[in-house]
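The values are calculated or read from the model by the stated rules, or taken from the named source; none is laboratory data. A quick note: this is a predicted structure, and the numbers were derived from the prediction, not measured. Neighbour counts are summed over all protein chains in view; Cβ atoms, including those assigned to glycine, are modelled from backbone coordinates with ideal geometry.
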Amino acid sequence: MEAFTNIRALIIDMDGVLWHGDRPLPGLADFFQTLRNAGIRFLLATNNASLTQEQYVLKLAGMGVTVDRDEILTSAMATARYLAEHTEPAKTRVFVVGEAGLTQPLLEHGFILTGLYEVGDGKTSRGADVVVCGKDKTLTWDKLATATLNLRAGARFIGTNGDTTLPTERGVVLGNGAILAALETASGVSPTVIGKPEPIMYRQAMNLLGSSPDETVAIGDRLETDILGAVHAGIRSLMVLSGISTLEDAQKADYQPTWIMPDIRAITEALRR
């Protein structure tokens, strides 16, 4: 396995790496203190689009870790950045299946958000130009119905991420990919996915960190998102076994992480060495 060297910047996943739901994983505070002491830049980059930067800052503070809001990048933020680069926000109407973590960055970029059953008839009324879907604990039939109607009327379909499952303190539950699948089945429209394993989010993260691919490492728990995304972005990766993917999964995959470690405690020890 490659030597654990030339690591100046880390792009770190959160769910399954730092915590399970609201339960921090062992060694969390020590891990971040080690990064600070070593002067290693980091960005917490998650596919979970439900929380805002401020909410993640507060969540980590409750676990004894202090981070700045600018050290957090969510797939919702990456989605808003992507859309702003490809549309005119002030003229683009967006229907959101998601929570504050998704609506906030879209509003900050100047997009117009549409409401339930605000669907165009092609003549006198106008619906959404884009349907954006992220993890949503407040998901309802009305949201799914409105999204489906807009998609069938011609709206673009954007998914913040395609994670089909999510590790929580109660076990593994459905993720945003399951919602995307339902909408795709109902509308016949396939989504463009922004989050990992697409390279868009990792490239945005490196730009924010000011780091080059050869000095950047992605840390995650999912082969099909975190690790594959690193492969697509041309950076090294470290898979922890504290979340979704297992050692057996890695052995069967046709692509591999650069390193595999049990958890963040093992990463801390490796960094100190």
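Values computed for the structure shown
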quantity	calculated
Conditions (1) free of Cβ contacts under 8 Å to residues at least 60 places away in the same chain; (2) closer than 27 Å to residue 70 by Cβ; (3) aromatic (Phe, Trp, Tyr): number failed by residue 202	(1)
Count of residues meeting criterion [in contact (Cβ under 8 Å) with a residue 40 or more places away in the chain and more than 22 Å from residue 166 (Cα to Cα)] in the stretch 241-273	8
Those residues of the stretch 24-61 which are in contact (Cβ under 8 Å) with a residue 60 or more places away in the chain and charged (D, E, K, R), in sequence order	30, 41
Selection within the stretch 33-47 - surrounded by fewer than 22 Cβ atoms within 10 Å (Cβ to Cβ) and outside any strand (DSSP E or B)	33, 34, 35, 36, 37, 38, 39, 40
Residue identified as assigned to a helix (DSSP H, G or I), on the phi < 0 side of the Ramachandran plot, out of contact with any strand residue (DSSP E or B) (no Cβ under 6 Å at 6 or more places or on another chain) and of a type in the set (Val, Ile, Thr) among 67, 57, 119	57
Top-ranked residue of the stretch 211-228 - restricted to ones that are touching a residue at least 40 places away in the same chain (Cβ under 8 Å), out of contact with any helix residue (DSSP H, G or I) (no Cβ under 6 Å at 6 or more places or on another chain) and farther than 22 Å from residue 20 by Cβ, ranked as surrounded by the fewest Cβ atoms within 10 Å (Cβ to Cβ)	214
Identity of the residue in the stretch 1-29, surrounded by fewer than 16 Cβ atoms within 10 Å (Cβ to Cβ) and outside any loop (DSSP other than H, G, I, E, B), that ends up modelled with the highest pLDDT	29
Qualifying residues in the stretch 95-105 (those that are in contact with a helix residue (DSSP H, G or I) (Cβ under 6 Å, 6 or more places away or on another chain) and outside any helix (DSSP H, G or I)) - the one surrounded by the fewest Cβ atoms within 10 Å (Cβ to Cβ)	97
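Yes/no matrix, rows are residues, columns are (1) crowded, with 17+ Cβ neighbours inside 10 Å; (2) among the aliphatic types (A, V, I, L, M); (3) over 18 Å from the mean Cα position of the chain (by Cα):
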residue	(1), (2), (3)
50	yes, no, no
66	no, no, yes
69	no, no, no
76	yes, yes, no
